[in-house]
Amino acid sequence: FSPLHCGSTETGFISEPPWRTLGKITALTAAGCIDAVALTLSSYLTLRFWLQVINLTWGNYILFTPESEEVLPTGLSKVIRQLPMQWQSAWVQLFDTLPSALAVGSIWLAIFVGFTLEKCDKTEESCQTEDWRTVIFIVAFAAFTFIVLLAFCPFTWIAREMTQSAFIRQLLQLTRYTYRGDHPPPSLYITDGGCRDCTTLRQLLLRRKDKILLVLAASDTNDDLAVLKTAFVICGSTGLASFYDPRDPRKYVTGYGGLLAQFKEDKTMSTLHLAIRYEKTATEPAKSGQLYIVKNRLPPDHKAHPVEPHLTVDEMCGEVARGCGRCPDGVKPFDPEVWGDMTTDGLGSLCCCDCMHTNGVFGNCGPKFPHGSFANFMYMTPMWCSSLARLGFDVSEDAARLVSRPGSHEAQWEKLV
């Protein structure tokens with residue numbers, strides 16, 4: 001997703017609709033865990049079945065229509081564009097799914113009417129009603145079968161309209177149906193892409209950027225860098241780029257003695273620097289690039305560090321010294337006596353408010369700062385959020401300085417090759 005385009009190398013790219021908001025895109029691309037795992041990492045039909053039955057889908061569908069096609073009639077589109085921006089998306093989706101909703105809804109209505117008709121009790125009138133009931137069930141079943149078959153072969157406009165039904169969409173997901181064709185489907189299911197590549201490194205390599213700053217915030221307590229290694233495999237298998245040690249290309253990046261292993265062992269390294277090799281293409285020559293990586297981990301000098309006052313706007317704007325900002329009205333100011341000897345790396349993750357960090361035996365439990373737990377990052381306490389922001393500011397200083405250096409970042413030996 002970008003302000004101008006959305007798509008991928010598999011689906012192609014289209015222009016970003018004006019009514020699609022940043023908030024919705026952010027929510028969709030962060031809708032991780034259950035459905036992302038079930039739809040990408042598992043082939044079990046039972047997992048997909050319970051995913052649909054219990055309705056544990058965290059993602060949602062988006063319209064994916066090329067510029068040459070109109071989602072709605074021109075007149076209706078002009079009317080919707082006059083509405084407030086927050087209403088436009090809802091009205092577009094309503095009118096787009098209306099034909100399929102009416103078709104599927106009519107089938108369910110026919111089945112309901114059939115069940116309300118009386119069964120034959122050997123009188124002429126009741127037997128006629130029974131005949132009508134049989135006809136209704138046959139017609140409803142035939143219509144439903146026809147719509148489902150159309151959904152599995154969406155090559156005509158009426159077939160593509162039927163795939164917009166929420167019921168048909170769930171059926172397609174349940175059966176692991178994957179659309180393939182020269183023409184994109186009318187809608188795509190979007191969820192967290194972390195199961196493939198949660199670094200967004202691939203998108204930047206597609207643009208063949210000279211310098212890339214990657215903030216690696218994945219949950220990785222032991223610095224195994226699994227998500228980074230996965231991104232390297234994806235980028236290498238697609239032929240986008242390869243990575244090497246800029247100081248000595250003879251060394252492995254991964255594996256024993258490589259840069260990643262060195263970064264794992266040496267906790268004083270705040271920045272991981274890799275070089276990028278872009279291969280020659282039909283339109284561009286081969287070239288090199290630089291990748292600077294900063295990770296959310298505690299440096300040795302940050303361990304046993306006392307908690308600091310909450311981060312304020314004045315401090316972020318540089319108007320006051322560190323930890324000397326004034327708390328907003330209505331916010332309880334930082335009290336050193338309450339926090340006592342609490343250190344940053346002693347903050348527990350299973351807390352709902354700051355008072356739980358200082359609440360004796362039953363508070364401040366769970367995995368500690370800065371990694372915490374999955375649930376912790378869904379409801380961070382003010383102190384956890386403030387400490388995480390301060391840590392990010394501290395550990396990213398070196399990476400920001402390196403990536404913003406003027407001139408060429410190539411090593412001396414590279415200039416001679």
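Give the calculated FRET efficiency between Arg277 and Leu94 to the nearest 0.05, with a Förster radius of 35 Å applied to their Cβ-Cβ distance. If you can, show how the numbers build up before the last one.
On the way: r = 49 Å, r/R0 = 1.41.
My answer for the efficiency is 0.10.
Which whole-number percentage describes the relative contact order of the chain, with Cα contacts under 8 Å and a sequence gap of 6 or more?
Values: 505 pairs, mean separation 49.8, N = 417.
Averaging sequence separation for qualifying contacts and normalising by length gives 12 percent for the chain.
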For region 210-324, the percent of accessible surface on carbon and sulfur atoms (probe 1.4 angstrom, ligands and nucleic acids excluded) is 56
Taking only protein heavy atoms and a 1.4 Å probe, what accessible area per residue, in Å², does the chain have with all protein chains in place?
60
Gyration tensor (alpha-carbon) shape descriptor, region 252-310, a/c threshold 1.5
oblate
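How high is the relative contact order of region 141-246, in percent, with contacts defined as C-alpha pairs under 8 Å that are six or more residues apart?
Numbers: 55 pairs, mean separation 20.1, N = 106.
Relative CO of region 141-246 lands at 19 percent.
Before rounding to the nearest 500, sum -39500 (n - 2.57) across all DSSP H runs of length at least 4 in the chain and divide by the residue total; then give [θ] at 222 nm in deg cm²/dmol. Please report the intermediate quantities before stating the final value.
Numbers: 17 runs with 170 residues, N = 417.
Using -39500 (n - 2.57) per qualifying helix, the result is -12000 deg cm²/dmol.
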log10 I(q)/I(0) for region 365-414, Debye formula on C-alpha points only (no solvent), q = 0.18, 0.25 Å⁻¹, two decimals, reads -0.67, -0.95
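Which value does Rg/Rh take for region 285-417 over its C-alpha atoms, Rh per Kirkwood? All intermediate terms of the calculation are to be shown ahead of the outcome.
Values: Rg = 19.2 Å, Rh = 17.3 Å.
My calculation of the ratio gives 1.11.
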How big is the charge dipole of the chain about its Cα centre, in debye rounded to the nearest 20, if each Lys and Arg gets +1 on its Cβ and each Asp and Glu gets -1 on its Cβ?
1120
Rough spin-label spacing in nm, given labels placed 7 Å along Cα→Cβ, for Lys209 and Ala400:
1.6
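Between Ser408 and Trp58, what FRET efficiency comes out of the Förster formula 1/(1 + (r/R0)^6) with R0 = 60 Å and r the beta carbon distance, rounded to 0.05?
Efficiency at R0 = 60 Å is approximately 0.85.
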Could you sort the peptides 378-388, 398-408 by per-residue average Cβ neighbour count (10 Å cutoff), highest mean leading?
378-388, 398-408
Can you give the log10 of the normalised intensity I(q)/I(0) at q = 0.13 Å⁻¹, computed with Debye over equal Cα scatterers of region 177-271?
-0.58
Measure out, as a whole number of angstrom, how far apart the alpha-carbon centroids of region 45-68 and region 209-269 sit.
33
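Can you quote the Å³ per residue value for the convex hull of the Cα atoms in the chain, rounded to an integer?
Working: hull volume 102.1 nm³, N = 417.
With only Cα atoms used, the chain gives 245 Å³ per residue.
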At least 15 Å along the helix axis (C-alpha) and Kyte average at least -1.0, DSSP helices within the chain
85-116, 124-152, 226-237, 382-395
The distance between the Cα centres of region 1-25 and region 392-406, in whole Å, is 30
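Starting from 0.36 nm per residue, how many nanometres of slack lie between Val331 and Ile138 once their C-alpha separation is accounted for? Kindly include the intermediate steps, with their values, before the conclusion.
On the way: separation 193, 0.36 × 193 = 69.48 nm, distance 6.60 nm.
Length gained between Val331 and Ile138: 62.9 nm.
For Asn222 and Asp345 in the same chain, what is the full-extension length gain: residue separation times 0.36 nm, less their Cα-Cα distance, in nm?
Numbers: separation 123, 0.36 × 123 = 44.28 nm, distance 1.49 nm.
Additional length available on full extension: 42.8 nm.
To the nearest 0.05, what FRET efficiency results for Thr21 and Val79 with a Förster distance of 22 Å applied to their C-beta separation?
Values: r = 20 Å, r/R0 = 0.89.
It comes out at approximately 0.65.
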Tell me the label-point distance for the pair Asp266, Cys385, using the 7 Å Cα-to-Cβ offset, in nm and rounded to one decimal.
3.6
Given labels modelled 7 Å from the Cα in the Cβ direction, how far is it in nm from Met378 to Glu130?
5.3
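The values are calculated or read from the model by the stated rules, or taken from the named source; none is laboratory data. These numbers come from a predicted model, not from an experiment. Please note: Cβ atoms are built from the backbone with ideal geometry, for glycine as well, and neighbour counts cover all protein chains shown. Accessible surface is based on the protein model in full, side chains and every heavy atom, while ligands, DNA and RNA are left aside. Shrake-Rupley method; radii C 1.70, N 1.55, O 1.52, S 1.80 Å.
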